[in-house]
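Participant: I have a structure here, written as structure tokens, and I will follow up with some questions on it.
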Amino acid sequence: MQISFIDHAVLIGDERQLPALVKSKVSENAMFGRSLFERLCSLGHRKHLLNIQYRMHPSISLFPNANFYENKILNGSNVTGKNHRRKYLPGPMNGPYSFINIKHGRVGEGTETQQNRRNAGNWNRDEGDWEMRMQLIKQDKDLALALSGLILHTAQVLAIQDSLGKLHRRNSNMKVKVSSVDGFQGSEEDVIILCIVRSNAGGLIDFLSNCNRTNVALTRARYCLWILGNAATLISSGSIWARLVSDAKARNCFFDATEDRGIATAISKSGCGRSNADSINFDQLRISERSNEV
């Protein structure tokens, strides 16, 4: 970039979030996706940290602040007040920040796109269903809520989007988005359901191991971030997700899905076993307008 008549340039960015999308593997290997901001940071160029966040409930910002920003980020006064705590579902599992352990996820073979079948990756066939059921909760008609489900693979996103028409017909006040993490960078919503269910003995999480992607995924929610994942797989990975599970346990934010009475009842009535989680019906659950409950 050469602009001869400019004396000073101010670059604003975050090298700890996702870089630009580069589709060419050759270009990616040549680091064409790396921004000027990131290049200057890597060379030790002086930078100024904007150290106050005004989006997330403090329970949500705690882990990313400690693991990505060296605890240098402060919470703005707007997010520390009582008005920034919203309670959409009863029970401690549905507080501002929760890790919900899905023990019996199944991993099957899937693909990112029809055009790239050779790059098939493992994706959990239950993952889409759990995510969809958590969103298709019966709504109070007067409840206005921005809810997003973040999924890691395009195939899962498309499958869930196909099933969301019923929710919009049931409650026109509810705004629902389903997106991959990469497609959601720069966005935010009231409630984020982050679905990372993967169950395998080797702790293989491939796509999840990118710390920049993890940072984006964990910093999109304003009031509630509910993470659905298989704890055993994440712990076995030895990645930042293992630290997240340990942190959730230490903060009493770790729950098994069946600890919730409504979820347990839904599982019981469905007769669901390890291989048939897609029959679970969460329509009994209900979001209530108790937005300022502490």
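The values are calculated or read from the model by the stated rules, or taken from the named source; none is laboratory data. All values reported here derive from a predicted model rather than from experimental measurement. Here Cβ is always computed from backbone atoms with ideal geometry, including for glycine, and neighbour counts include all displayed protein chains.
Residue-wise test of (1) part of a helix (DSSP H, G or I); (2) at pLDDT below 85; (3) surrounded by fewer than 20 Cβ atoms within 10 Å (Cβ to Cβ).
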{"site": "V191", "(1), (2), (3)": "no, no, no"}
{"site": "F207", "(1), (2), (3)": "yes, yes, yes"}
{"site": "V216", "(1), (2), (3)": "yes, no, no"}
{"site": "C224", "(1), (2), (3)": "no, no, no"}
{"site": "I227", "(1), (2), (3)": "no, no, no"}
{"site": "A242", "(1), (2), (3)": "yes, no, yes"}
{"site": "A248", "(1), (2), (3)": "yes, no, no"}
{"site": "F255", "(1), (2), (3)": "no, no, no"}
{"site": "E293", "(1), (2), (3)": "no, yes, yes"}
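Participant: Conditions: (1) surrounded by 15 or more Cβ atoms within 10 Å (Cβ to Cβ); (2) modelled with pLDDT under 90. N281 meets all but one. Number of the miss?
Facilitator: (1)
Participant: Sticking with this one: Inspect segment 70-87 for any residue being assigned to a strand (DSSP E or B), within 22 Å of the chain's Cα centre (by Cα) and touching a residue at least 40 places away in the same chain (Cβ under 8 Å) and give the result as yes or no.
Facilitator: Yes, segment 70-87 contains at least one residue that is assigned to a strand (DSSP E or B), within 22 Å of the chain's Cα centre (by Cα) and touching a residue at least 40 places away in the same chain (Cβ under 8 Å).
Participant: Of everything in segment 46-65 that's surrounded by 11 or more Cβ atoms within 10 Å (Cβ to Cβ) and over 21 Å from the mean Cα position of the chain (by Cα), which residue is modelled with the highest pLDDT?
Facilitator: My answer is I52.
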